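Working notes for the structure below.
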Amino acid sequence: MNEKIIQIEGIDPTELYGSANAYIEHITAKFPSLKIVARGSAIKLAGDETEIARFEKRLNDLIEYHAKYGHLSKSVIDQVFDGGMPQPDHAADNNVIVYGNKGNIVRARTVNQQKLVNLYQTNDLLFAVGPAGSGKTYTAIALAVRALKNKEVKRIILTRPAVEAGEKLGFLPGDLKEKLDPYLQPLYDALHDMIPAAKLEKYVAEGTVQIAPLAYMRGRTLDNAFVILDEAQNTTMSQIKMFLTRMGKNAKFIVTGDVTQVDLPHKEDSGLMPVISLLKKVDGIGFVEFDNRDIIRHHLVKYIVEAFNKSNK
């Protein structure tokens, strides 16, 4: 009798095994001639060598499906272990950017979101400017996750200037990371929608996903990376120049911002619009201006933004 231990990689074992081990029991039932014991991140197999090899091939196909589409089901398991590679009904949807957790579909939902996706194909640097809730940062992060999944880049780097939005957080207890995390939480929130928690934790630990304040970018050369500068309206001209000149080989940069929400002590110090004017005619740089029609948060957000714009406050 042959034995083999398979170490599970690329998927959280709890997602592979299913609630109350429903999925692994469903899989085990398809191989009655094998003794299968699943514990933690290891599956121990005992039985015929050919059946063990067939099990391993199908298991890898199942993990590959999950990596692409972000969910599993007994129906998917049936199709994979019967020798096919299923595709969701929406797999041909051209607006789909990436498949997130539990089958969550992240797609371009507005004209300007789709424009950002299209310009990504032909530009290494993109500027996306527009109001709160228009999905500019979320779409950018979805493109970054897709690029990582497709092995177009080796890492994702997300950064924001650590500028307080009318509140003083420096007095809070904790180390530097704990003080800075409130500024970066919106970026974590988007990533949690698209990458399983265990995998995201692993990516962060090994540096595949990096989330850091803008000041941490100084002196770095960012090769083979998808880099997003969020809240760029809160950068000065010298800061945004520093960021843009970090661009290395095989890098994709997206800069997002909302010029109506400048939190700098002197609003005129914002470097976002001046740098856009400076680079407007450079080949290889794309620009997308989001507007109120792109707002996809609660329906009231659109009217709130419009009201503030009219009052010039």
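As a test of the formula, what do you get for the chain when each DSSP H run with n ≥ 4 contributes -39,500 (n - 2.57) and the sum is divided by the residue count, at 222 nm and rounded to the nearest 500 deg cm²/dmol?
Values: 11 runs with 123 residues, N = 313.
Using -39500 (n - 2.57) per qualifying helix, the result is -12000 deg cm²/dmol.
Can you give the accessible area per residue of the chain, in Å², using a 1.4 Å probe? It would help to have the intermediate numbers written out before the result.
Working: 16550 Å² over 313 residues.
Ligands and nucleic acids excluded, the result is 53 Å² per residue.
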> Sorted by mean Cβ packing within 10 Å, highest first, what order do the peptides 234-242, 283-291, 212-220 take?
Replying inline: 234-242, 283-291, 212-220
> Please state the Cα pair-distance histogram of the chain with 20 angstrom bins from zero: what percent is in each bin?
Replying inline: 29, 49, 20, 2
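Which entries of LYS136/LYS281; LYS35/LYS149; LYS68/LYS280; LYS115/LYS249; LYS136/LYS310 show an alpha-carbon separation above 27 angstrom in the structure shown?
Details: LYS136/LYS281 22 Å; LYS35/LYS149 33 Å; LYS68/LYS280 36 Å; LYS115/LYS249 24 Å; LYS136/LYS310 22 Å.
As for pairs spanning more than 27 Å Cα to Cα, those are LYS35/LYS149; LYS68/LYS280.
For segment 225-279, which whole-number percentage of the solvent-accessible area (1.4 Å probe, protein heavy atoms only) is attributable to carbon and sulfur atoms? The partial results should precede the final answer.
Values: 1360 of 2380 Å².
Solvent-exposed carbon and sulfur of segment 225-279 make up 57 percent of the total.
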> With the contact rule set at Cα under 8 Å and sequence spacing of 6 or more, what percent relative contact order holds for the chain?
Replying inline: 19 percent
>> Test of the criteria: in segment 1-82, which GluC sites (Glu not before Pro) are in a DSSP loop and have at most 16 other Cβ atoms within 10 angstrom of their Cβ?
In response: GLU9
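Output the peptides 200-207, 66-73, 253-260, 145-152 sorted from most to least packed, where packing is the average of other Cβ atoms within 10 Å over each peptide's residues. Numbers along the way, then the final one.
Values: 200-207: 13.4, 66-73: 17.9, 253-260: 23.2, 145-152: 16.1.
Per-residue Cβ counts within 10 Å, averaged per peptide and sorted highest first, yield 253-260, 66-73, 145-152, 200-207.
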> Could you give me the ³J(HN,Hα) list for segment 62-73, computed from phi with Karplus coefficients 6.51, -1.76, 1.60 and θ = phi - 60°, whole Hz, x at Gly and Pro?
Replying inline: 5, 5, 5, 4, 4, 4, 7, 10, x, 7, 10, 7
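The values are calculated or read from the model by the stated rules, or taken from the named source; none is laboratory data. Note that the structure is a prediction, hence the values are computed from the model and not measured. Every residue, glycine among them, receives a Cβ derived from its backbone with ideal geometry; neighbour counts consider all protein chains shown. Ligands, DNA and RNA are stripped out before the accessible areas are found, and what is left, the full protein with its side chains, is counted by its heavy atoms. Shrake-Rupley method; radii C 1.70, N 1.55, O 1.52, S 1.80 Å.
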